[in-house]
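The values are calculated or read from the model by the stated rules, or taken from the named source; none is laboratory data. In this text, all values refer to a predicted model and were calculated from it rather than measured experimentally. A quick note on method: Cβ atoms are made from the backbone with ideal geometry, for glycine too, and the neighbour counts reach across all protein chains shown.
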Number of protein chains: 2
Amino acid sequence: MQIAILAYPGMTALDAIGPYEMLRGLPEAEFRFVWHEPGPIVTDSCVLVVGATHSFQETPAPDIVLIGGSIPATMSTAADDGVLTWLRKVHLGTTWTASVCSGSLILGAAGILRGKDATCHWAGQRVLTTFGANPQRDKRIVRDGKVITAAGVSAGLDLGLWLVGEIAGQPRAEATQLCIEYDPRPPFDTGHISKASARNKADAVLMMKGMISARDAGAEVVAGSKVLWANVIDRVRRRSAAKP
Amino acid sequence: MQIAILAYPGMTALDAIGPYEMLRGLPEAEFRFVWHEPGPIVTDSCVLVVGATHSFQETPAPDIVLIGGSIPATMSTAADDGVLTWLRKVHLGTTWTASVCSGSLILGAAGILRGKDATCHWAGQRVLTTFGANPQRDKRIVRDGKVITAAGVSAGLDLGLWLVGEIAGQPRAEATQLCIEYDPRPPFDTGHISKASARNKADAVLMMKGMISARDAGAEVVAGSKVLWANVIDRVRRRSAAKP
């Protein structure tokens, strides 16, 4: 079973890494982190670098496709013809097409959510409708046929665990949950917009805006297999040191 | 506020990425992924590559140190003199020294947990006592002075959010929780050993053993800033393709 995770510049790492750790509970899963070409990808923190291992061209028939979200780069990725063409093509043959957070907007831009129930980060629910999807804002994960979308960032853990259950059965999922010790006990209770105060929401919007401008200020793509690692790190470090 | 996250070959990515996403809610946090030298680090899946951005030598005085765990590489990292020397030195000046999962065993090996309450992944609780720690197996996160340890893998999200609250106050932590939409709803309920069946436990142990042998079969360190990215990716891909 081949699992292709989109690795794109500006992505939010946890969106991808949460489900990836859960899906490792599938027997004989082969993971690929895919982008236009293999190479280092700088995530939305501008500090964490992850590796794309395979190109789109090399990955024409994954069994599962997973698209995470981003604070600053969702819409640019959703306007990337190479991404959309690949997504439309592989979606025809997937067993599951999945997204976390604003990754559903990239699926939407590819036309995959037209007429479908779907979810997204709470801040992106309205945008879903522009792609013809029916937002399900109170659900943590939403399944419509073979398309499964999750709410914001950390919802990818629930999505990944649910998928393990669907694919490999409940005993395997239960063992995975125990391996990952996924027995969450958040010290606060403002994780869903319905539980958050007006202040929580205003503060969260401000934080996200700050992350967008930090990224915009240093926006650049460092990718490609011919990159010397030192060059990637130099850029990351310079940007990090230049922070206000 | 400088936050240094240990990035070591064989690490479990979610152990580090969970708290990292939460800690990004701290105002003016400067993140560093540290190792002997900057360069690409192949995690325990043998597929996911993350970047170490700074060396130990360049990072003598972080405010927060965070050590994640690993399935196959905890004990080799806990026997790495360079890691232990750095940890002992920086711990003297940290505001918080933190671990997730079996990362506490690395703190233990550095002598940091002697006489302290601490926790670990359920499978590593007993080993904690060999380092003079007092295991608290029923707690998700354990604070003893400035040392804070978390249970397995996903417990890093709770640890990270708790730390944001301690450092920046509850409103900031609440906004962070909303940004990350951390309103977990696991589809099963076997995340704590006390809730798991004998079969769940046997299955989980088998899965973890499988991950250890997969890693041992392909164990190698790819690191260093002079590495061409293509070489890292080539190795990762060859190993992935050679999987049984």
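Structural remarks
- Residues of the stretch B:35-58 that turn out to be small (Gly, Ala, Ser) and more than 17 Å from the chain's Cα centre (by Cα), as a count: 2
- Scope the stretch B:21-31; condition within 8 Å of chain A (Cβ to nearest Cβ) and surrounded by 22 or more Cβ atoms within 10 Å (Cβ to Cβ); matching residues: B:Glu21, B:Arg24, B:Gly25, B:Phe31
- A single entry from A:Gly152, A:Gly156, A:Gly160 fulfils the requirement of being within 16 Å of the chain's Cα centre (by Cα), part of a loop (DSSP other than H, G, I, E, B) and within 17 Å of A:Tyr20 (Cα to Cα): A:Gly152.
- Criterion (more than 18 Å from the chain's Cα centre (by Cα) and at negative phi) met by exactly one of B:Arg143, B:Arg172: B:Arg172
- Test: residue in the stretch A:217-224 that is more than 7 Å from chain B (Cβ to nearest Cβ), at pLDDT 75 or above and part of a helix (DSSP H, G or I): no
- Pick from the stretch A:101-130, criterion charged (D, E, K, R) and assigned to a loop (DSSP other than H, G, I, E, B), ranking: surrounded by the fewest Cβ atoms within 10 Å (Cβ to Cβ): A:Arg114
- Of all the residues in the stretch A:135-149, those that are in a loop (DSSP other than H, G, I, E, B) and under 20 Å from A:Tyr182 (Cα atoms) number 2.
- Qualifying residues in the stretch A:183-197 (those that are more than 7 Å from chain B (Cβ to nearest Cβ) and polar (S, T, N, Q)) - the one nearest to the chain's Cα centre (by Cα): A:Ser194
- Of residues in the stretch B:38-84 being among the charged types (D, E, K, R) and closer than 21 Å to A:Arg237 by Cβ, the one farthest from the other protein chains (Cβ to nearest Cβ): B:Asp63
- Residue match in the stretch A:83-100 (condition: crowded, with 22+ Cβ neighbours inside 10 Å and part of a loop (DSSP other than H, G, I, E, B)): yes
- Single condition A:Arg199 does not satisfy, out of (1) surrounded by 20 or more Cβ atoms within 10 Å (Cβ to Cβ); (2) farther than 15 Å from B:Pro186 by Cα: (1)
- Selection within the stretch B:36-82: residues that are part of a helix (DSSP H, G or I) and in contact (Cβ under 8 Å) with a residue 12 or more places away in the chain. The member of this set that is surrounded by the most Cβ atoms within 10 Å (Cβ to Cβ) is B:Thr74.
- Residue among A:Asn200, A:Asn134 that alone is within 11 Å of another protein chain (Cβ to nearest Cβ), polar (S, T, N, Q) and more than 30 Å from B:Asn200 (Cα to Cα): A:Asn200
- Meets criteria (more than 16 Å from A:Asp15 (Cα to Cα) and basic (Lys, Arg)) for A:Arg140: no
- Every condition in (1) part of a strand (DSSP E or B); (2) of a type in the set (Phe, Trp, Tyr); (3) touching a residue at least 40 places away in the same chain (Cβ under 8 Å) is met by B:Phe33 except one, and the failing one is (3).
- Selection status of B:Ala150, aliphatic (A, V, I, L, M) and farther than 28 Å from B:Ser55 by Cβ: no
- Among the residues here, B:Leu87 does not qualify as touching a strand residue (DSSP E or B) at 6+ places or on another chain (Cβ under 8 Å) and within 14 Å of chain A (Cβ to nearest Cβ).
- Filtering the stretch A:178-203 to residues that are in contact (Cβ under 8 Å) with a residue 60 or more places away in the chain and in a helix (DSSP H, G or I) leaves A:Cys179, A:Ile193.
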